[in-house]
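Working notes for the structure below.
No lab work stands behind these numbers, since they all come straight from the coordinates. Here the structure is a predicted model, which is why all the values come from computation and not from measurement. For neighbour counting, all protein chains shown are included, and Cβ atoms are generated from backbone atoms with ideal geometry for every residue, glycine included.
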Amino acid sequence: MTVYVDDMHKSPMGQFGRMKMCHMIADSTEELLAMADRIGVARKWLQDPGTHQEHFDIAMSKRALAVKAGAKEITMRELAMITINRRPQRTG
């Protein structure tokens, strides 16, 4: 099980006012929430809960804390692939 933080802060999309942001995802909801608790991110900021796109948008200061706590640094492209791969499979 792993928590991941992407490099969205390097793109224009990562700008929120004067803050630079990134995404934090994990292999499980439990692990994602545990990391959020550990680095001081309020659970109420969880986006798309219960879906394959479940994540937090976090500031660079929280990203640094997450990395220090063991989160793996990945690219936005890698994050997209993880998200796509955990999307429910369609049956048809």
Under 9 Å from the Cβ of Ile74, count the other residues' Cβ atoms, weight Lys and Arg +1, Asp and Glu -1, and hand me the total.
-2
Grab the other residues whose beta carbon is less than 11 angstrom from that of Arg86, score K and R as +1, D and E as -1, and report the net.
-1
Which net charge results when you count Lys and Arg as +1 and Asp and Glu as -1 among the other residues whose beta-carbon is under 14 Å from that of Ala42?
+2
Per principal axis, largest first, the Cα atoms of the range 48-92 extend in Å by 44, 20, 15
Pick out, from Ala64, Pro88, Ile74, the residue whose Cα sits farthest towards the positive end of the charge dipole of the chain, with +1 on the Cβ of Lys and Arg and -1 on the Cβ of Asp and Glu.
Ala64
If the chain between Trp45 and Asn85 were fully stretched, how many nm would it gain, using 0.36 nm times the residue separation less the Cα-Cα distance?
12.1 nm
Across the alpha-carbon set of the chain, Rg over Rh with Rh taken as the Kirkwood radius works out to 0.97
Alpha-carbon centroid distance for the pair the range 47-75 / the range 6-32, whole angstrom
6 Å
Under 19 Å from a label point 7 Å along Cα→Cβ of Met1: give me every residue in the range 25-47 with its amide N that close.
25-44, 46-47
Given charges of +1 on the Cβ of Lys and Arg and -1 on the Cβ of Asp and Glu, with all other atoms neutral, how large is the dipole of the range 3-85 about its Cα centre, in debye to the nearest 20?
440 debye
Cut-off under 22 Å on the C-alpha distance; same-chain residues fewer than 8 positions from Lys44 excluded. Which lysines are left, in chain and number order?
Lys20, Lys62
The chain, relative contact order in percent, only Cα pairs under 8 angstrom and at least six apart counted:
35 percent
